[in-house]
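In what follows, a single structure is set out as structure tokens and then discussed.
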Amino acid sequence: MHKKEYNYNYAFLMYDVNEKRVQKVFKICKKYFSHHQNSIFRGEITPSKLIKLKNDLKKIIDPNVDYVTIIKFVGKGSFAEEELGVSKNSEDIFI
């Protein structure tokens, strides 16, 4: 059996990257999405542009320190989440 491939047409992208790379990551994301707020982008994207975006980001981020998540919408109520790098768990945040 083949795993079903989905064509995503809308996505949210959020990132938490080292200060040295913030501007580079911001510029890359701005090429593909609309800036929503702080480190959040969203918009329509083709599967081929999504691949290009991820390749561009992989050249810039340090996957051992930085974190990027892409939430891809397949249709109403359906989505898949893809992550690059290290997630910052809410348990790690001290007030």
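The values are calculated or read from the model by the stated rules, or taken from the named source; none is laboratory data. Bear in mind the structure is a predicted one, so any value in this text is a computation, not a measurement. Backbone-built Cβ (ideal geometry, glycine too); neighbour counts: all protein chains shown.
Pick out the one residue from 21, 42 that is modelled with pLDDT of 95 or more and surrounded by 11 or more Cβ atoms within 10 Å (Cβ to Cβ).
21
Please go through the range 9-31 and pick out each residue that is part of a helix (DSSP H, G or I) and under 19 Å from residue 44 (Cβ atoms).
28, 29, 30, 31
Does residue 26 satisfy the condition of being aromatic (Phe, Trp, Tyr), at pLDDT below 90, out of contact with any His (no Cβ under 7 Å at 6 or more places or on another chain) and surrounded by 12 or more Cβ atoms within 10 Å (Cβ to Cβ)?
no
In the range 1-18, what residues are touching a helix residue (DSSP H, G or I) at 6+ places or on another chain (Cβ under 9 Å) and modelled with pLDDT under 95?
If the condition is that a residue be touching a helix residue (DSSP H, G or I) at 6+ places or on another chain (Cβ under 9 Å) and modelled with pLDDT under 95, then 5, 6, 7, 8, 9, 11 are the ones that fit.
I'd like the full set of residues that are touching a Lys or Arg at 6+ places or on another chain (Cβ under 9 Å) and either of a type in the set (Val, Ile, Thr) or assigned to a loop (DSSP other than H, G, I, E, B) (or both), limited to the range 39-64.
45, 60, 61, 62
Among the residues of the range 45-95, which ones are among the hydrophobic types (A, V, I, L, M, F, W, C), at pLDDT 95 or above and more than 14 Å from the chain's Cα centre (by Cα)?
Once the filter is applied, which keeps residues that are among the hydrophobic types (A, V, I, L, M, F, W, C), at pLDDT 95 or above and more than 14 Å from the chain's Cα centre (by Cα), the range 45-95 yields only 65.
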